[in-house]
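Engineer: Quick one: the structure is below, questions incoming.
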Amino acid sequence: MIIVLKRHASETDIATVSDLVCSMRYQPRIIRGVEQTVIACIGDELSNRSLEALRNLPAVESVFPVQKKFKLVSREYHPADTVVNVNGTLIGGGNMVVIAGPCAIESYDQFRAAVQDLTRCGVKIIRAMPFKPRTSPYDFQGLKLDGIKIMRDIKTEFDVSLVAEVPGPAQIEMMRDVTDMFQIGARNAQNYDLLEHLARVGKPVLLKRGMASTVEEWLTAAEYLVVNGCPQVVLCERGLRSFDKVTRNLLDVGAVAAAKQLCHLPILVDPSHAAGTRRLVPALSRAGLAAGADGIIVEAHPDPVNAYSDASQQLESSKFADFLSDLAPWIELARQQRTRDAS
Ligand code: PEP
Ligand code: MN
């Protein structure tokens, strides 16, 4: 940490601050400038107490942390791309993925039709959402246990991998056998208790960015998973809360590019929840891939007009092949770029 002292700090002030720094197990190095004195404090900011409390001392102008709050997920610590293996499907390090499926499991027939359409196009990982954490308690909340049973039947019939959002620690166990990758939704992006519980399950996790999370908060949430025993984490940018309702959320492609440089985990973009409308999904998919994403997770439904949730943004699953063939050249370009970056 760096402590900047006020302009007229006396020798006594410098000694007082240095003594406090020593008592907090950092080594102070005093740098006397022309007008101001700076104290560089050497020590591990992650294991030692933060020196930020010293900001309140009368002689201190400001305190700056030097170390990032995330370590295990950082490129500095682990330069090579992490490749996440979801039941045999690889994501990251030049392995591109398209995950698709309806917003929610609504019935056996609806989910089966979606999975049939999507697996025919080569989709290997399906969105399977038995729980729908919704902003309003009056909106469709998912089929819950009945949805998990449908997941089990469909997984047996189609031999696909399923990614499912887990709403809280209490639901982990009931979903465990049928879920190949757990999703942490945007509303749970900083639910540290859930992150800690999920980290111990031994399955890959798709961690969405919260709708108002900074990149640092997003990566630090991923750090919770990794430090608690889950190295197989995929990040997902799904758009931020913004002032402009022309899109449902503001797809932050800059954050995708920045997170790619800061962190070795694969990143997906969710164009559906960012767009809010199906006609923008292809463009946002391309934007995400161009910014550095290792793939997309997109909503597709056999009858989107009558969907119980997110009707306006879901693609028609029977037309998914057209969407994919338009996107194919962009995926291929991204794959080549990611492969070059990885080597
Ligand atoms: C979802 O993917 O089903 C979902 C609810 O998205 P988000 O958490 O990003 O809102
Ligand atoms: Mn949705």
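Every number here is computed from the coordinates shown, using simple stated rules; none is lab data. Only a predicted model underlies this, so the values are computations on that prediction, with no experimental measurement involved. Because the Cβ atoms are built from the backbone with ideal geometry, glycine has one as well, and the counts that use them run over all protein chains shown.
Engineer: If one computes the Cα centroid of segment 187-243 and of segment 1-28, what distance in Å separates the two points?
Structural biologist: Centre-to-centre (Cα) distance: 36 Å.
Engineer: HN-Hα J couplings of segment 221-234 from phi, Karplus 6.51/-1.76/1.60, θ = phi - 60°, integer Hz, Gly and Pro as x?
Structural biologist: Couplings: 5, 4, 4, 4, 5, 5, 5, 9, x, 10, x, 8, 10, 10 Hz.
Engineer: For segment 15-70, what is the largest minus smallest coordinate of the Cα atoms on each principal axis, given in angstrom and ordered from greatest to least?
Structural biologist: 34, 21, 20
Engineer: Just to check, using Stokes-Einstein with a Kirkwood Rh over alpha carbon pairs, what's the diffusion coefficient of segment 88-129 at 37 °C and 0.692 mPa s in µm²/s? Write out the running numbers ahead of the final one.
Structural biologist: Numbers: Rh = 11.0 Å.
Diffusion coefficient, whole number: 297 µm²/s.
Engineer: Could you line up Ser161, Ser318, Ser242, Ser136 from fewest to most neighbouring Cβ atoms inside 10 Å? Numbers along the way, then the final one.
Structural biologist: Numbers: Ser161 20, Ser318 17, Ser242 14, Ser136 7.
Result, fewest neighbours first: Ser136, Ser242, Ser318, Ser161.
Engineer: Same structure, new question: What do you get for Rg/Rh over the chain if you use C-alpha atoms and the Kirkwood form of Rh?
Structural biologist: Details: Rg = 23.3 Å, Rh = 21.7 Å.
A ratio of 1.08.
Engineer: Enumerate the amide H contacts of Leu315 below 5 Å, restricted to partners 5 or more residues apart or on another chain; note that Pro and chain-start residues carry no placed amide H.
Structural biologist: Result for Leu315 returns Glu299, Ala300, His301.
Engineer: Dipole size in debye (nearest 20) for segment 79-145 around its Cα centre, Lys and Arg Cβ +1, Asp and Glu Cβ -1? Walk me through the numbers before you get to the answer.
Structural biologist: Values: 7 positive and 5 negative charges, 20 e Å.
It comes to approximately 100 debye.
Engineer: Then there's this: For the chain, what does the helix formula give at 222 nm: sum of -39500 (n - 2.57) over DSSP H segments with n ≥ 4, over the residue count, nearest 500 deg cm²/dmol? Kindly include the intermediate steps, with their values, before the conclusion.
Structural biologist: Details: 10 runs with 115 residues, N = 343.
For the chain, the value works out to -10500 deg cm²/dmol.
Engineer: If you take every DSSP beta bridge whose two residues both sit in the chain, what share of them, in percent to the nearest 5, is antiparallel? Walk me through the numbers on the way to the answer.
Structural biologist: Values: 19 of 45 bridges.
Around 40 percent of the beta bridges assigned by DSSP in the chain are antiparallel ones.
Engineer: Moving to a separate point now. Starting with the highest mean, order 182-190, 137-145 by the number of other Cβ atoms within 10 Å, averaged over the residues of each peptide. Mind showing how you got there, number by number?
Structural biologist: Numbers: 182-190: 21.8, 137-145: 13.9.
Most protected by this proxy first, the peptides run 182-190, 137-145.
Engineer: Collect residues whose amide H, placed 1.01 Å from N in the peptide plane, falls under 5 Å from the amide H of Lys6; neighbours closer than 5 in sequence don't count.
Structural biologist: Val60, Glu61
Engineer: Could you grab the Rg to Rh ratio for segment 21-120? Cα atoms only, Kirkwood for Rh. It would help to have the intermediate numbers written out before the result.
Structural biologist: On the way: Rg = 25.4 Å, Rh = 19.1 Å.
That ratio is 1.33, to two decimals.
Engineer: To continue, here is another question. Amide H to amide H under 5 Å from Cys263: which residues, 5+ apart in sequence or cross-chain, H placed 1.01 Å off N in plane?
Structural biologist: Amide H neighbours of Cys263, under 5 Å, 5+ apart: Arg75.
Engineer: Counting other C-beta atoms within 10 Å, and keeping those with at most 11, which DSSP coil chymotrypsin sites (Phe, Trp or Tyr not before Pro) do you find in segment 192-293?
Structural biologist: Phe243
Engineer: Apply the Karplus curve 6.51 cos²θ - 1.76 cosθ + 1.60, θ = phi - 60°, to the phi angles in segment 35-52 and return the couplings in whole Hz, x for Gly and Pro.
Structural biologist: Calculated HN-Hα couplings, in order: 10, 9, 9, 10, 10, 8, 10, 9, x, 7, 5, 7, 9, 7, 5, 6, 8, 4 Hz.
Engineer: Taking the C-alpha atoms of segment 259-343, how large are the radius of gyration and the largest Cα-Cα span, Dmax, in Å?
Structural biologist: 13.9, 46
Engineer: Could you tally the net charge around Val63, taking each other residue with its Cβ under 10 Å from the Cβ of Val63, Lys/Arg +1 and Asp/Glu -1?
Structural biologist: Values: positive: Arg55; negative: Glu52, Glu61.
The answer is -1.
Engineer: Let me ask something additional. Subtracting the Cα-Cα distance from 0.36 nm times the residue separation, let me have the gained length for Leu46 to Ile30 in nm, one decimal. Write down the numbers at each step before the final one.
Structural biologist: Values: separation 16, 0.36 × 16 = 5.76 nm, distance 2.20 nm.
Fully extending the segment from Leu46 to Ile30 adds 3.6 nm.
Engineer: What would the Debye formula give as log10 I(q)/I(0) at q = 0.14, 0.17, 0.28 Å⁻¹ for the alpha-carbon point model of segment 138-215, no solvent?
Structural biologist: -0.48, -0.69, -1.38
Engineer: Through the Karplus equation 6.51 cos²θ - 1.76 cosθ + 1.60, θ set to phi - 60°, convert the phi angles of segment 107-113 into ³J(HN,Hα) values in whole Hz; use x for Gly and Pro.
Structural biologist: 6, 4, 5, 4, 5, 4, 4
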